[in-house]
Structure formats: C-alpha cells, structure tokens
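Asks: Here it is: the structure, laid out below.
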Amino acid sequence: MIKNLLELEITEHSPPLEISRSFDQQGPLEIEVGCGKGRFLLSRASSVPERNFLGLEYAKAYFATIARRACAKNLSNVRVAKAEAYEFFETFLPDQSLSGFHLLYPDPWPKKRHHKRRLIRDDFLWELRRTLRRDAVINIATDHRAYFDWMCEHFNHWKATFVLETKIVSERKDLLKLTGRTNYEIKYIEEGRPLHFITGYRTGF
Ligand SMILES: C[S@@+](CC[C@H](N)C(=O)[O-])C[C@H]1O[C@@H](n2cnc3c(N)ncnc32)[C@H](O)[C@@H]1O
C-alpha cells in the first residue's frame, strides 16, 4: 500500500512525463540516479520540503525500504521509479524540467570494454544540459579515481554550461569529518578510501 503511493510506474505514463501530476505539491524537481536504499534522497527531501524528489533505481528491491522510511519521516515529496537513467532522461523528461541532479557513488565500470556503460558520457551530458534548468544543482561523488578523472574530462567539454568545483578528501581525519550521506559513503569513510566530489550548477548556456 505505502509502496504503491511512492512508486511512479513509468509504464503507465506516456512521454513526456507530466511529473508534477505525480506529486502532491507543485515545486522544483530534483533527481537522484541510483538512489539505493534512499538515505540521501530522503534526507534531502526532508531538508528541502518545498521541492519534489525522484529517485531512479534499477533495483526495485529497495523500494519497500524507501517507502517505509519516507512514511516514518512523514515525507510526501518523494517518488521512486524503476528505470535506467539515460533512457528515462531521453524518453520521459521535458526540457528544463530539473532543478537538481545527484549521482552518488555510481557504478564505475572499471574495465575498458565497459566504459561505454558509464553514465557520465557525452550523450548523457547532452541530456543533462537539455533537462537541467539554469542554476540547477549538480552533486556527484565517487570513490573511484579513474571514473572521477573521466567525469572531469567529459564535463570539461561543456565548461560554459556546467560550472563545477572538484574536491578530493583522502586524509583519514578529513574523511571522518564527513557526514556519510549514503550507505556506500558511510562504508567508504570507514574503509578510509579517498572520496572525490564534483559539485556546481548549470549556467544559462
Ligand atoms: C554503487 S550503488 C550506490 C548506491 C547509493 N547511491 C549509495 O551511494 O549508497 C549504485 C546504484 O545505482 C544503481 N544504478 C546503476 N546504474 C544505474 C542506471 N543507469 N540507472 C538507474 N540506476 C542505476 C544500481 O542499481 C545501484 O543501486
């Protein structure tokens, strides 16, 4: 019952998605790709209640946990959809429909023959440019140095469009100061892995 209230069944929608109809309130929309068990999604939804939040996730098995936690926190501004992120952006999202994009600890696909599966690639960045509004926030983190370098290089092709700062936290004492926003982030902090952050916003170009 709770689960049905939270899950956005994209097969029941014809594109482009009229996303505001899926939420109780009108408001800016932020998306988190690969939201896992929803720790970050729910925490951000709770701190910015006037915004709506959509988590995209392949793994539907997490949805019951997210729904239970959303219910416990009394959050009505969160939805989740079982979808592949690139296909979802390309098929369902109208131009300039997003005010935020979050991608925390995405699968790094380390083998060269799998690099084409990385989400941050030229065709996805084209979609990000199309769907993000001016001033929309961008929030990315990875523990994987090679994927971080790859992402920086790909965003560099769009310097006028995405204004980004990068930060690497590698000292144990600095890692321990981090809050641990997602399950993977908590695990990596405990393991003492260097973490890489890319944050910023979309310009009007
Ligand atoms: C490494 S986990 C990180 C989960 C969470 N963000 C965290 O930090 O705890 C990556 C998650 O992204 C999901 N995922 C990977 N690629 C995806 C894609 N293209 N579209 C939607 N979900 C994806 C996976 O199912 C998995 O749950």
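Asks: Can we say Trp109 is hydrophobic (A, V, I, L, M, F, W, C) and in a loop (DSSP other than H, G, I, E, B)?
Replies: In short, yes.
Asks: Select from the stretch 82-104 the residues that are under 18 Å from Leu17 (Cβ atoms), near the ligand (Cβ under 9 Å from one of its atoms) and in contact (Cβ under 8 Å) with a residue 60 or more places away in the chain and list them in ascending order.
Replies: Lys82, Ala83, Phe88
Asks: In the stretch 70-117, which residue that is among the charged types (D, E, K, R) and under 17 Å from Glu57 (Cβ atoms) is farthest from the chain's Cα centre (by Cα)? Spell out how you get there, then give the answer.
Replies: First pass over the stretch 70-117, keeping only residues among the charged types (D, E, K, R): 73, 79, 82, 84, 87, 90, 95, 107, 111-113, 116-117.
Restricting the remaining residues to those that are under 17 Å from Glu57 (Cβ atoms) gives 79, 82, 84, 87, 107, 117.
Numbers: Arg79: 13, Lys82: 14, Glu84: 12, Glu87: 15, Asp107: 12, Arg117: 16 Å.
Of everything passing the filter in the stretch 70-117, Arg117 is farthest from the chain's Cα centre (by Cα).
Asks: Can you name the number of the only condition in (1) modelled with pLDDT of 95 or more; (2) surrounded by 19 or more Cβ atoms within 10 Å (Cβ to Cβ); (3) within 14 Å of the ligand (Cβ to nearest atom) that Leu8 fails?
Replies: (1)
Asks: Output the residues belonging to the stretch 169-205 that are open to solvent by 60 Å² or more (accessible area, probe 1.4 Å), more than 27 Å from Glu127 (Cβ to Cβ) and not charged (D, E, K, R).
Replies: Ser170, Leu176, Thr179
Asks: While we're here: Within the stretch 42-53, does at least one residue satisfy the condition of being basic (Lys, Arg), closer than 28 Å to His154 by Cβ and within 14 Å of the chain's Cα centre (by Cα)? Give the steps one after another, and end with the answer.
Replies: Residues of the stretch 42-53 that are basic (Lys, Arg), as a first pass: 44, 51.
After this cut, where a residue has to be closer than 28 Å to His154 by Cβ as well, the list is 44, 51.
Adding the requirement that they be within 14 Å of the chain's Cα centre (by Cα) leaves 44.
Within the stretch 42-53 (the criterion being basic (Lys, Arg), closer than 28 Å to His154 by Cβ and within 14 Å of the chain's Cα centre (by Cα)), the answer is yes, since at least one residue qualifies.
Asks: Continuing with the same structure: Trp109 fails exactly one of the following numbered conditions: (1) farther than 19 Å from Gly34 by Cα; (2) free of Cβ contacts under 8 Å to residues at least 40 places away in the same chain; (3) among the aromatic types (Phe, Trp, Tyr). What is the number of that condition?
Replies: (1)
Asks: When the residues of the stretch 170-184 are narrowed to those that are in a loop (DSSP other than H, G, I, E, B) and within 26 Å of Gly55 (Cα to Cα), which ends up nearest to the ligand (Cβ to nearest atom)?
Replies: First, pick out the residues of the stretch 170-184 that are in a loop (DSSP other than H, G, I, E, B): 170-171, 176-182.
Next cut, within 26 Å of Gly55 (Cα to Cα) only: 178-182.
Values: Leu178: 13, Thr179: 13, Gly180: 10, Arg181: 8, Thr182: 3 Å.
Result: Thr182.
Asks: Could you grab me the full set of residues in the stretch 185-195 that are within 13 Å of the ligand (Cβ to nearest atom) and more than 19 Å from Lys37 (Cα to Cα)?
Replies: Arg193, Leu195
Asks: Can you pull out every residue in the stretch 43-66 that is away from the ligand (no atom under 12 Å from the Cβ), of a type in the set (A, V, I, L, M, F, W, C) and crowded, with 22+ Cβ neighbours inside 10 Å?
Replies: Selection gives Ala45, Phe53.
Asks: Could you please find all residues in the stretch 159-177 being more than 22 Å from Ser99 (Cβ to Cβ) and among the charged types (D, E, K, R)?
Replies: Listed by number, the residues that qualify are Lys167, Glu171, Arg172, Lys173, Asp174, Lys177.
Asks: For the stretch 131-151, name all the residues that are in a helix (DSSP H, G or I) and either in contact with a Leu (Cβ under 8 Å, 6 or more places away or on another chain) or on the phi > 0 side of the Ramachandran plot (or both). Full working, then the answer.
Replies: Taking the stretch 131-151 first, the residues in a helix (DSSP H, G or I) are 131, 145-151.
Within the stretch 131-151, Thr131 is the sole residue that qualifies.
Asks: Take the conditions open to solvent by less than 80 Å² (accessible area, probe 1.4 Å), away from the ligand (no atom under 16 Å from the Cβ) and closer than 17 Å to Pro16 by Cα and apply them to Arg129. Does it pass? Talk me through it step by step, then tell me what you get.
Replies: Numbers: open to solvent by less than 80 Å² (accessible area, probe 1.4 Å): yes; away from the ligand (no atom under 16 Å from the Cβ): yes; closer than 17 Å to Pro16 by Cα: yes.
Answer is yes for this residue.
Asks: Still on this structure: Is there a residue being closer than 21 Å to Glu87 by Cβ and touching a Leu at 6+ places or on another chain (Cβ under 7 Å) anywhere in the stretch 178-189? Walk me through it before giving the result.
Replies: At the first step, the residues of the stretch 178-189 found to be closer than 21 Å to Glu87 by Cβ are none.
No: the stretch 178-189 contains no residue that is closer than 21 Å to Glu87 by Cβ and touching a Leu at 6+ places or on another chain (Cβ under 7 Å).
The values are calculated or read from the model by the stated rules, or taken from the named source; none is laboratory data. Just so we're clear, the structure is a prediction, and the values are computed from it rather than from any experiment. Note that we place each Cβ from the backbone using ideal geometry, even for glycine, and neighbour counts take in every protein chain shown. Keep in mind that these areas ignore ligands, DNA and RNA; they rest on the heavy atoms of the full protein, side chains included. Shrake-Rupley method; radii C 1.70, N 1.55, O 1.52, S 1.80 Å.
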